[in-house]
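Please read the structure below before turning to the comments.
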Amino acid sequence: MAAYHVPADHAEPSGNTAGTSGLRPAALANWLLAVAVLVVIMVVIGGITRLTESGLSITEWKPVTGTLPPLSEAAWQAEFAAYRQIGEYRQVTGPAGMTLADYKFIYFWEWAHRFMGRLIGLAFALPLAWFWIRGAIPAGYRPRLVALLALGGLQGVFGWFMVRSGLSVQMTDVSHFWLSIHLLTALFTLAGLVWTALDLRLLAKGRSRASLTDFSAAVGVILFVQLLLGAWVAGLNAGLASDSWPLMQGGFLPEYDGSRGFFHALTHDPFLLHFAHRWWAFAAAIALFLLARRAKAGGARAASVAVNALLGVQILLGIATVLSGVALWLAVAHQMVGALLVAATAWGAHAAGRQRGEAGRYPGAAMPATV
């Protein structure tokens, strides 16, 4: 039977009666990757929720009682009545003639998005408790897993702050700043899940965890900027600012309102935001291409292929989304591949950081062999 050597920095503390024989790094890794898949699905549902203007359909946050949708006609009427009090209905959907059937459609997507959040919480918290009680979590990983759980909780809180920002009579949409915080927290959590799972897979093979390199961190910052711009574009419906590519309004740089300064325009003007998101993508593309090369040099050819393939698809989907006038299925695919690209970037950065991590753990020596 195959076994693995547990490096000293991963050994369980002596107070754990399970000892090292109770460690389950491979099982933990598979669990985290399964949760990562759920996060990608949630990002997709969140994209549909945004694109169908469904995010304000549920006007209260009920973490427990809100698990079930309305089950009677009276309950549906009560929910619809609450929705009719907010600015989105009074200024947009109401004048357009929204019916109860129309409301039920947007309610479904917001409910599905919140339900998926609850499901992910259970899918993380319950196995975490089980592994913890069984003494199956390697030393040094408990704080990281608790941090990932806390990020999931924050994701729910940020989601409610986002919804609440659009519930006043004056507002017809959520704050694009809160939307970006909500989305980026989910993507950061996704990257953390993938990275931790890969570390645990190394541990299962008796190898040391990877280390984040300065170059990978720089790539992460560049990608973060692109994701932030994309979230603001989504929040301000700035994808509709142009249906042509590569030019906008017949020129390279579109006209935009700079009366309140460039920074305000960059964070609020749909035309300038669309332009910035469109062209910063190529800075991100160069950075990710170089990261893929480093991952391949580190022996992770699959990670390199994943980053490059998803990068190419993402750029093509972005262009197609613009040319289509933000067709729903293309925009959702663009957001889904963006989430997958974040996961692949974490994989590539992890691969690029393996050699440094192993050199730090075993300076001047070969890695211990798996027996």
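Shape of region 1-209 from its Cα gyration tensor (a ≥ b ≥ c, root eigenvalues): rounded if a/c is under 1.5, otherwise prolate when a/b > b/c, or oblate? It comes out prolate by the Cα gyration axes. Arranged from fewest to most other beta-carbon atoms within 10 Å of their beta carbon, Asp214, Asp173, Asp243, Asp199 become Asp214, Asp243, Asp173, Asp199.
Answer rounded, prolate or oblate for region 156-248, using the Cα gyration tensor with square roots of eigenvalues a ≥ b ≥ c: rounded when a/c is under 1.5, else prolate when a/b is larger than b/c, else oblate. Oblate.
In this rough spin-label picture, where each label sits 7 Å from Cα along the Cβ direction, the Ala139-Trp76 distance is 5.9 nm. By the gyration tensor of its Cα atoms, with a ≥ b ≥ c the square roots of the eigenvalues, what is the shape of the chain: rounded for a/c under 1.5, prolate for a/b over b/c, or oblate? In terms of gyration-tensor shape, oblate. Ordering Glu60, Glu53, Glu110 by the number of other Cβ atoms within 10 Å of each residue's own Cβ, fewest first, gives Glu60, Glu53, Glu110. Calculated FRET efficiency, Val37 to Leu323, Cβ-Cβ distance, R0 = 25 Å: about 0.25 to the nearest 0.05. Calculated mean residue ellipticity, 222 nm, the chain: -22500 deg cm²/dmol, from DSSP H runs (n ≥ 4) at -39500 (n - 2.57) each, averaged per residue and rounded to 500. Within a straight-line Cα-Cα reach of under 27 Å, Lys104 can be paired with the following lysines, leaving aside sequence neighbours fewer than 8 residues apart in one chain: Lys62.
Within the chain, the selection of entire DSSP H helices by a Cα span of 30 Å or greater along the long axis and an average Kyte-Doolittle value of at least 1.0 returns 25-51, 176-204, 214-235, 301-323. Going by Cα centres, region 130-190 and region 71-126 are how many Å apart? Each part's Cα centre sits 21 Å from the other's. Distance between the C-alpha centres of region 237-263 and region 192-221: 39 Å, rounded to the whole angstrom. Computed extension gain for Ala309 through Gln91, at 0.36 nm per residue and net of the alpha carbon distance, reaches 74.2 nm.
Sketch the reach of a paramagnetic label on Leu149 as a point 7 Å from Cα along Cα-to-Cβ, and name the residues of region 89-118 whose backbone nitrogen lies under 17 Å away. Answer for region 89-118: 118.
Can you tell me which lysines have their Cα less than 25 Å from the Cα of Lys296? Leave out same-chain residues fewer than eight positions away. Within the straight-line limit of under 25 Å, Lys296 reaches these lysines: Lys205. Compared with the alpha-carbon gap, the fully stretched path from Val64 to Arg84 is longer by 4.8 nm at 0.36 nm per residue.
Laboratory data are not the source of any read-out in this text; all were calculated from the coordinates shown. Keep in mind it's a predicted model, so treat the numbers as computed, not measured. Ideal geometry is used to build each Cβ from the backbone, glycine not excepted, and the neighbour counts take in all protein chains shown.
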